[in-house]
Every structure is written in structure tokens, then in C-alpha cells.
Amino acid sequence: MIRIENLVRDLNLVRERSPLIHNITNYVAMNNSANALLAVGASPVMAHSLDEVAEMAGIASSLVINIGTLEAEWVKAMLIAGKTALDRHIPVVFDPVGAGATSYRSRVCMQIIEECRPSVIRGNASEIIALSNANARTKGVDSTNSSEAALNPAKALANETGAIVVVSGETDYITDGIAVETVKNGNPMMARVTGMGCTASAIVGTFTAINPNFLEAATHAMFIMGIAGEIATRTSKGNGSLQINFLDTLFNIDEDAIRQNIRL
Amino acid sequence: MIRIENLVRDLNLVRERSPLIHNITNYVAMNNSANALLAVGASPVMAHSLDEVAEMAGIASSLVINIGTLEAEWVKAMLIAGKTALDRHIPVVFDPVGAGATSYRSRVCMQIIEECRPSVIRGNASEIIALSNANARTKGVDSTNSSEAALNPAKALANETGAIVVVSGETDYITDGIAVETVKNGNPMMARVTGMGCTASAIVGTFTAINPNFLEAATHAMFIMGIAGEIATRTSKGNGSLQINFLDTLFNIDEDAIRQNIRL
Amino acid sequence: MIRIENLVRDLNLVRERSPLIHNITNYVAMNNSANALLAVGASPVMAHSLDEVAEMAGIASSLVINIGTLEAEWVKAMLIAGKTALDRHIPVVFDPVGAGATSYRSRVCMQIIEECRPSVIRGNASEIIALSNANARTKGVDSTNSSEAALNPAKALANETGAIVVVSGETDYITDGIAVETVKNGNPMMARVTGMGCTASAIVGTFTAINPNFLEAATHAMFIMGIAGEIATRTSKGNGSLQINFLDTLFNIDEDAIRQNIRL
């Protein structure tokens, strides 16, 4: 069970420390993710070259790996960065975009999980179900399953991998395989903004950088996402303004906004 | 001649079916294109790896190929995806960004057209003129010709290739080589938003996914673009807000907005 | 010392001539940079393929090289384009993103400076200090030094390389090694928008395309950035709206706005 004071403490820590978050992410979400990290108070860096990725991961406070627009060279970089982070006890957050949509994606996901042993895996229901070997078929990168249907697969995946598993959806579930936290904040319109899930993974990466209790850190991050998204939706006319209002809300979110909007 | 009820029918079909649109597009326009597809009701996926591109094209409802920031590996992926789509009778929309600006672009365009036989080719006047071998010189990726000047080249290109050809401009022309549809909606300020043409191609891809009459589908798509752009421009102070308002308008566009704004 | 009439003259020249600016830049900032160039009146093209980069650089009015998300193939393209531009006396603006953060970045910076001899180098304080061999450590891509601390390193770098050196910060410094121009317009919130520095480099590239006095051109560009950013910040609630308002302000900036807001 999440305590608001811990959530606020972590948010304040992010802003005080401005942790460097190393992202190897997709082309679609790079700009949004970087802006969301700047909005929440972190310092983003995007770097994927084989010539520097280990060095960059070594100076970061956490690493976010997202396979949205993967290709062979990038996967190599992800594995090098992930193993470097693992060796140096830097948390790795893994976003298995489109797992199950193609066999290549599923294979790469398995390899990243095995070799980099992520601290947190965050995906939508279809992706988490695909990863836990249920018979799901992912339609592209959007989920065709409800997050509830993915709760047991998420637990199984957490138990298999040792990672905290986050399922995003109308309700978000965050589990270590036994305990389950739920986040009910948010709005379905968020799924109509491209890269919103990728942004969630980047924010999870940020909170793991300042809180070694990754179940709590990931839950805090999802609350921040959900609360900011819910507030932003109120004044948004479509996915264009939501993308912008979300950043503005994240930029300004504080204890008051959290207390007034959190749904526990 | 376009009938409003058919346009509305297609828009509703997009929203009901949420077709999966596979995009191999450029870095600049990826985020905008994805958001525009989500706004109109489609489900975008961006994937370009040689390891998955055929599989992804095989599960998509249409494929959009855009060479804006092309390079050798991406061109290979475009050709594989395009040929897969062709074999499986999945419509291919081709956006020949910057055709004529460099000899490499012109060569790649010819190869894609020959090997993937796109259902629709959409470009600005300079690009369409360049493709139809007129003596045009494209200045970078912005058109230096009026769309009217490209009408005859567009017809010639349609006849040569069997594709529907769309010329974007102050007036859009859509032709199968004989019939010509015109779309007068829109606003010149749209050309000041980067990737607006690329977005148009993605929307054309969406409508070809639900309407096998590609002349009609492409015309419907260009009306949706033009109407949404025209409405969005009214409340925009510059290209920043236009980019956002365009998405919001596309998100909300409905029969009423179409009937009130269409210029037939 | 900058004269307002010269600044206005250059802005008007940009809008009259709409120079083609060839950008080899990073994935994060591509969309913003392209929109900023369109907003100010230039014509952007993004192209990085080894198969066309020399030809594209050859038809451009200036070349902007930015290593934000560098990798080996892109560096090759940067060097080819840069050397082509050098041979053809086309100004090259170099943005050494993250110089000093990894040894690879520092090495690549040195190579680009040596082989392409940029007309202007624009970076934040940490990057400029890193390039001038001071003992700085860059934290990712955000500066940890004040721009003032980089003034002497900037002069040294200008003297070593022959380039105009621009240090962005609370006060911007622009120097040819002897003369120093300062720009006090701007707002610290601009640093919270990803790619704002990259956009500054693109705007510098634009002004070098129409004014062969690169010290003046770069200073004009930084004034336009600072004034537009300062005006935009006034109506922005966070980094989301600032990104958009900045583009809108740049789109509309004119002599009146300059005269009312410039701080000389």
C-alpha cells in the first residue's frame, strides 16, 4: 500500500538530484520521453552507439531500454548497455513494445530479459501476456487485452524473471510476483497519445534511480503518470493538446495536486 | 465526384475497425504521423527492421512507405515490406519525399515504384513532376511548383505506374490517369508544419485500408486532411499551435464538421 | 556591438530567400528543429545517407551538424557533408552535444572540427569547456557549468579553430576569439525543453546562410532565439506549452517584437 508522503518524498528527490536517465528508446517517443523527463525534473540522455553505450550507461542513474523501433545494431547496444548497468547495479527498466506482434520482437525480449535482468518490465496487457507465454497475439503496438487479464501473467513473469512487472491500462498493476499495487488514476484518452507508454517507462526509470525499493518506485511513477494524465485530460480537446498539457502538468505537479487527485 | 455520405462512411469505418497501419517513414514525421493516425482512429505501427518488416507488413491493413530520411538499410526494408504487401494485396502508399532533390532519391523512388507497385503515390508538385521525368529540380523537400503545374505529370505518372497519384498543394489533385478529383480545403500555413505531407500519406494509407476504391479512398483522406487543417488554422497563431490543433481537430472531426466546412 | 536594424535586415533576408538548411542532427530534436526553421522562414532538409549527403550539402545554403544521437555511420556522413560544404564555401555550424560526456563524443568532436573546420561551434558551457580541453566533465547533455565560466575557454577554442564560438546559457556569449558579443534575452525555462540548444544551432545555421559576417550572424540568431524564448515563456505553463509557444513566437517575430524585447 502506497503512502502519499513517500510518493511526495520521491518526487522531491527526483527534483533535488535530477538523476541522469540513459534511454535507448524508439524514434517515435524520443522527444516526448526526453521532455517528460525534463518536466518531472530528471536529466535525460539518449545514446545508442556501440562506441559509447557502455560508458554512458556507466555514468547514468538508471537505464531505460525500449524496443519500439528496434533493429539489429540497436539491440546489440541495448544488450551492452543493459549488461553494463547490471554489472554496476544500475536499475534497468525494460519496455517490450510490441512483444508478440512479430516473432523477432518476442525473441529480442527474451534475450534482453535473460541477459540484462531488468529491475522493472513495463508494458501493456497484450505485451505482458505475450511475454509470459500466454497465447496472446499483439496487434501492432496497441493492447487488445484489458490490464486485468494480464494480472496473473504479470505475476508469473515477475516470478520467472525477478523483475517488478508493471501492466499499464485502465487500472495499472504493479507486482513483484506476490504483492500487487494498483493505480486507478489516468484516463483512456492517454492511449491515444503516441509514446505515452514509453514515457511511463522513462518515468519509472526515473523513480528507480532514487528509490531502491523498485515495487514502490514503479508504483510512485505510475501514480505520477496517472495523476498528471488525468489532470491534463480535463483541459484537452484531443490527443494533440493532451500531449502538451501532460508535459505542463508533469512540470507543475506537486503535493497538493497529488493529494487532490490521487485515487487510493 | 465525391459524395459526403461516402466520406462520412469511410471515416466511421476507420473508427470502427481501427486498422493497423504499418509505417516505414522518416524520423522527422514519425511522432506526428503516429499521433495523426491515433487521432483519426487508426492503429499505427512503426517498424523497419529487416528481421521483422515482412511479418509486420503481413499483419497490417496497409503499408505507408516514406523516404524522407532514407538510407540503404531502410530502403532494403521498404522494398521487402512493399513486396510482401504487394503479394498479399495489402495497399501500399508511397511518399517520394524530396524526389528530384538528389539523384539517389530519384533512383530509390523508381525502384520502389517498380518493385512495390504502390496503390497510391502522394507528393507535392515538385516531387510528382520529378517522378514523371519532367525537367524539375526539387529544392530540398519543399515544393517550388504549384500543384496545378503537376496535374498533367500526375496523370502521366498514374498511367505509367497504375497508381492513384495525389498532388498536394493549394488545390489537391487526385487522379487515376483519367478521372481527376480536386480538394480545395486546406490552408497554405499547413506547409509550414514539418511532416504535414507525410501525415497526409499516412491518412491516405488509413483510408485505403478500409476502402478498396483507392481513387475515392485517397480523395476522402485528402478531404479529411484539408478540412481538419483548415479548421485548425483558424485558431492557430503559428506552426507550433497548428501542429497541435490539427491533431485535436482530426481527433474530433465528424459529419457536422465535414458538412459545414467541405468545399465541393 | 549589434545594431537592431542589421538584426531586422537579416531576419527579413531569411524570409525573402528562405535558404535551404541541410541538417544532420539527432533523432530527439529533428522535428523541433525542422519546425523552428520553417517558423523563422527557412527551408529545412534532413538527410544523412552516405549515398546523397554530399549532393545535398552541395545544394544547401548552410549545413548544421549535431552529434546528439551519433553513431559510426552518421559520423561518416557528417564528415563527408562537412568536407563538401568546406570545399564549396558553404558555412558549417557544429553542435557538439554531450562533448566530454563520453570519450567517443570528445573524439568525434575533434575529428569534425579538424576535418570540416566549422564556421560556428555552438554548445552549452560544459560542452565548450570540454572542447577547449579544460578539465570539465559533462553530465549527459545538460550543462553543469555557467556560461560565464566558459567564456575564456570559448575564446581559446575560437582562436584554436578559427570558428566563431557560441556559448548558450543564462547569458549567451558569441566570440571570434577577440571580440565578444553577449545576448541576455532568454529564460532558464528554455533549458527544460528538449532540443532547444539544437534548435539554436539550426537558427544559427540559417543566419550564416544569409550573412557572411558569422560573428554578427550568430549573434543575430541567438537574439532571435532569446527574444522568442523570452516572449514565449510568458504565456507558457510548462515545457510542453513552451515548445509550442516558442514556435508560434518565432513564426510571428518582427521588428516591433524585437525592439520591444531586446536587451542590449
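Computed from the coordinates by the stated procedures, all read-outs in this text should not be read as laboratory data. Computed from a prediction, not measured in an experiment: that's the story for all the values here. We place every Cβ from the backbone using ideal geometry, glycine too, and count neighbours over all the protein chains shown.
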Exercise. Take the alpha carbon atoms of the stretch B:1-67, find their center, do the same for the stretch C:1-54, and report the distance between the two centers in whole angstrom.
Key: 30 Å
Quiz item: Picking from B:Ala125, B:Ala81, B:Ala72, which is most flexible by a Gaussian network model of chain B using Cα springs under 10 Å?
Solution: B:Ala72
Practice problem: Determine the relative contact order of chain A: mean sequence separation of Cα pairs under 8 Å and six or more apart, normalised by residue count, in whole percent. | Solution: 19 percent
Self-check item: Relative contact order (percent, whole number), the stretch C:213-264, Cα cutoff 8 Å, 6+ residue spacing
Solution: 37 percent
Quiz prompt | Test item: A:49-58 mean partner chain Cβ contacts at 10 Å | solution = 5
Quiz prompt | Cα Rg, Dmax, the protein assembly as shown, angstrom units | solution = 24.8, 70
Quiz item: What percent antiparallel are the DSSP beta bridges of the stretch A:4-261, to the nearest 5?
Solution: 30 percent
Quiz item: Restricting attention to the alpha-carbon atoms of the stretch B:145-193, what are Rg (one decimal) and Dmax (integer), both in Å?
Solution: 11.1, 32
Quiz item: Kyte-Doolittle mean at least -0.5 and Cα extent at least 24 Å along the axis: which DSSP H helices of chain B qualify?
Solution: B:214-234
Quiz item: If you count, for each residue, the other Cβ atoms within 10 Å and average over each peptide, how do C:169-179, B:160-170, C:149-159 line up from highest to lowest?
Solution: B:160-170, C:149-159, C:169-179
Quiz item: Measuring from a point 7 Å out along Cα→Cβ, what nm distances, shortest first, does B:Glu255 have to its partners in the other copies?
Solution: 5.4, 5.4
Quiz item: How high is the FRET efficiency from C:His89 to C:Arg17, r the C-beta distance, R0 22 Å, rounded to 0.05?
Solution: 0.85
Practice problem: Kindly state, to the nearest 0.05, the FRET efficiency for B:Asn159 paired with B:Ser103, given R0 = 35 Å and r defined as their beta-carbon distance. | Solution: 0.90
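What does the charge dipole of the stretch B:4-261 about its Cα centre add up to, to the nearest 20 debye, if the Cβ of each Lys and Arg holds +1 and the Cβ of each Asp and Glu holds -1?
440 debye
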Self-check item: lysines whose Cα lies under 19 Å from that of C:Lys184, excluding same-chain neighbours fewer than 8 positions away
Solution: C:Lys155
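Taking beta carbons within 10 Å but only from partner chains, what does the mean come to for residues C:244-254?
Whole-number average of other-chain Cβ neighbours for C:244-254 is 5.
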Exercise. Would you list, by chain and number, the lysines whose Cα falls below 19 Å from the Cα of A:Lys237, excluding same-chain residues fewer than 8 positions away?
Key: B:Lys237, C:Lys237
Quiz item: Distances from A:Asp87 to the same residue in each other copy, label points 7 Å out along Cα→Cβ, in nm, shortest first?
Solution: 4.2, 4.2
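Using only Cα atoms, what is the ratio of the radius of gyration of the stretch B:169-256 to 2.2 N^0.38 Å?
It is 1.06.
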Quiz item: Under 16 Å from the 7 Å Cα→Cβ point of A:Arg9, by amide nitrogen: which residues of the stretch A:229-264?
Solution: A:255
Quiz prompt | Average partner coverage of C:23-30, which counts Cβ from other chains inside 10 Å | solution = 6
Quiz item: Highest GNM mean-square fluctuation, chain A, Cα pairs closer than 10 Å: which of A:Arg105, A:Arg117, A:Arg88?
Solution: A:Arg88
Exercise. Under 22 Å Cα to Cα from A:Lys76, which lysines show up? Leave out anything in the same chain fewer than 8 places away.
Key: B:Lys76, C:Lys76
Quiz item: When Rg is the radius of gyration of the Cα atoms in the stretch A:4-261 and Rh is its Kirkwood radius, what does Rg/Rh come to?
Solution: 0.93
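From the helices alone, meaning DSSP H stretches of at least four residues, give me the mean residue ellipticity at 222 nm for chain A, per-run term -39500 (n - 2.57), in deg cm²/dmol to the nearest 500.
Theoretical 222 nm ellipticity from helices: -16000 deg cm²/dmol.
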Practice problem: Would you look at the GNM of chain B, springs on alpha carbons closer than 10 Å, and say which of B:Glu127, B:Glu115, B:Glu148 moves the most? | Solution: B:Glu115
Quiz item: If you put a point 7 Å past Cα along the Cβ direction, how far is that point for B:Thr144 from the same point in each other copy, in nm, smallest first?
Solution: 4.9, 4.9
Quiz prompt | the stretch C:197-264 and the stretch A:121-195: distance between their alpha carbon centers, rounded to Å | solution = 43 Å
Self-check item: Highest average packing first - B:188-194, B:206-212, Cβ atoms within 10 Å
Solution: B:206-212, B:188-194
Exercise. Would you calculate the separation in nanometres between label points at B:Leu50 and B:Leu264, each defined as 7 Å from the Cα along the Cα-to-beta-carbon direction?
Key: 5.1 nm
